[in-house]
Amino acid sequence: STPEAAFQSKVWALTKGSFDQATASLDTSSLTNGSRVEPTRGGFEREQKLMETGFKGMQIVARKTLEGGRAELKYRMDFDDPRGRGNGQWQFTIEAFVKVGSEWKSENLPRPWQPGWDLEGQIQVLAQ
């Protein structure tokens, strides 16, 4: 298992899978420590409808290895969002993953990429 495989599974679950499959890709400790709001079935279904109608593709462009069994992925997604987010443009996002046992899980706290991210840490460039 790798963070990249975990991310691909999460994206598949968000676009084609069930609520239970999507939540299985998440690190539950971020729910208990209050850093993330627990996903709801209704919220998942609304987001999934947007994703399945507008999702065009995604590309992981870099991986940053962190201490403590953590990694961050820099990725871009291409989608048409009727709410005006994205508007079909590739935008970079950073998402953290944590190793739980033998599996990688998303912390589900994506944040916008900032140029400083590329300047520090052990980064493996996967695509340009």
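Which residues, counting only those in the stretch 1-22, are closer than 18 Å to Gly42 by Cα, open to solvent by 40 Å² or more (accessible area, probe 1.4 Å) and not hydrophobic (A, V, I, L, M, F, W, C)?
Within the stretch 1-22, Lys16, Ser18, Asp20, Gln21 qualify.
Yes/no matrix, rows are residues, columns are (1) part of a strand (DSSP E or B); (2) modelled with pLDDT under 90; (3) out of contact with any helix residue (DSSP H, G or I) (no Cβ under 7 Å at 6 or more places or on another chain):
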residue	(1), (2), (3)
Ser30	no, yes, yes
Phe44	no, yes, no
Lys49	no, yes, yes
Ala71	yes, no, no
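Show the residue pairs meeting these rules: Cβ distance below 7 Å; 6+ apart or different chains; first residue within the stretch 68-80 and closer than 12 Å to Met58 by Cα; second residue buried (at least 20 other Cβ atoms within 10 Å of the Cβ) and of a type in the set (Val, Ile, Thr).
Close Cβ pairs satisfying both conditions: none exist.
Quick check on my filter: what residues within the stretch 84-120 are open to solvent by less than 70 Å² (accessible area, probe 1.4 Å), more than 19 Å from Pro3 (Cα to Cα) and modelled with pLDDT under 85?
Selection gives Gly84, Gly86, Gly88.
The values are calculated or read from the model by the stated rules, or taken from the named source; none is laboratory data. In this text, all values refer to a predicted model and were calculated from it rather than measured experimentally. Don't worry about glycine lacking a Cβ; one is built from the backbone with ideal geometry, like all the others, and counts go over all protein chains shown. SASA here: full protein model, heavy atoms, side chains in, ligands and nucleic acids out. Shrake-Rupley method; radii C 1.70, N 1.55, O 1.52, S 1.80 Å.
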